[in-house]
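Rule-based calculations on the coordinates, nothing more; no lab input. Just so you know, these numbers come straight off a predicted model, no measurement behind them. A quick note on method: Cβ atoms are made from the backbone with ideal geometry, for glycine too, and the neighbour counts reach across all protein chains shown.
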Amino acid sequence: MESQKKYPRSFSFEFFPPKTEEGIARLRATWQQLAQLKPRFFSVTYGAGGSTRDRTLNAVLDIRDSGCDAAPHISCVGSSLDDISATLELYKANGLRHIVALRGDLPSGTASSGELRYANELVEFIRRTTGDHFHIEVACYPEFHPQARSVNDDLQAFKRKVEAGADGAITQYFFNADAYFRFIDDCEALGISVPIVPGIMPINNFFQMARFSDMCGAEIPRWLRMKMQSYGDDTASIRSFGLDIVTELCDRLLSQGAPGLHFYTMNQAGPASTIWQRLGL
């Protein structure tokens, strides 16, 4: 963990772009509440193939205009180089300097993966066309990407992103702190020393989260899954126990040198705010 202890702590919150005026109003109330915690930045996700580009940008500008740093996501799968260049120019024209660069998912019904297939190629393209204009965050996977052929292949894929010019990384969420610590050890052995901020998923709706975890490869320990299932439809107990578990996870990560936390909020302020308060941040 020595590579991570040298960095100042960075706290951030992630949203997805709403589809309706009501959703926009709810998201504004959410980020305004979380802004009181003075995070380093907020990020806003980007739909498959750039399908939410305008909504992502609108949400980011709404946040940015309030005086908070906001980072839009950008992905490459399913997009042409012209599409990616246009998005980068749009971000630059609006004064944005912080982005999260991802491979992304192929839009449903799309046959072509686009001209860039991997996130390291996207990072390289951003650096080649925009220089050092953007601070670039990338993704990494302490429990390894579900499509990775091996542990080493996944680590090498992350290394290529860093070598292409990534400034830092945000992990997929996890519930096993040891997976993160082991991942950092593996990265240090490969000479990777950029800040790697743990991604944190508060447990609000366990069954929804379990379905998502199965898709994205985030492991829910058997004991945790069984305990949550034992509560049945008792949502209050699920949320209470979930807050305890995630707060303990965050506390252990920070106490052992993690350079911050990145909360996947699902556009809700309550769970992340409660964890923040319990941690005394």
For the chain, the helices passing both cut-offs (Cα extent along own axis of 24 Å or more, Kyte-Doolittle mean at least 1.0, full DSSP H runs) are none
I need V60, V77 ordered by Cβ neighbour count within 10 Å, fewest first.
V77, V60
Tally of Lys pairs whose C-alpha atoms are under 22 Å apart, taken over region 2-279, 8 or more apart or cross-chain:
7
Note: S80 to N152 extended length (0.36 nm per residue) minus current alpha-carbon separation gives 23.0 nm
Could you work out the Kirkwood radius for region 161-281, taking every pair of different alpha carbons, averaging 1/r and inverting it, reported in Å?
15.3
Whose amide H sits under 5 Å from the amide H of D69, counting only residues 5 or more places off or on another chain, with H placed in the peptide plane?
F42
Mind listing the long-range amide H neighbours of S10? Cut-off is under 5 Å, sequence gap 5 or more, other chains count too, H placed in the peptide plane at 1.01 Å from N.
G260, L261
Cα pairs beyond 15 Å in region 1-78, in percent, come to 58
Here the residues of region 149-171 lying in the modelled label zone of R117, meaning backbone nitrogen under 14 Å from a point 7 Å along Cα-to-Cβ, are 149
In whole angstrom, how far apart do the alpha carbon centroids of region 198-263 and region 12-40 sit?
21
How much length, in nm to one decimal, is gained on full extension between K19 and D178, taken as 0.36 nm per residue of separation minus their Cα-Cα distance?
53.5 nm
Ascending count of other beta-carbon atoms within 10 Å, so fewest first, for C250, C68:
C68, C250
Region 2-279: relative contact order as a whole-number percent, Cα under 8 Å and 6+ apart
22
Quick one: I192, I200, fewest Cβ neighbours within 10 Å first, how do they rank?
I192, I200
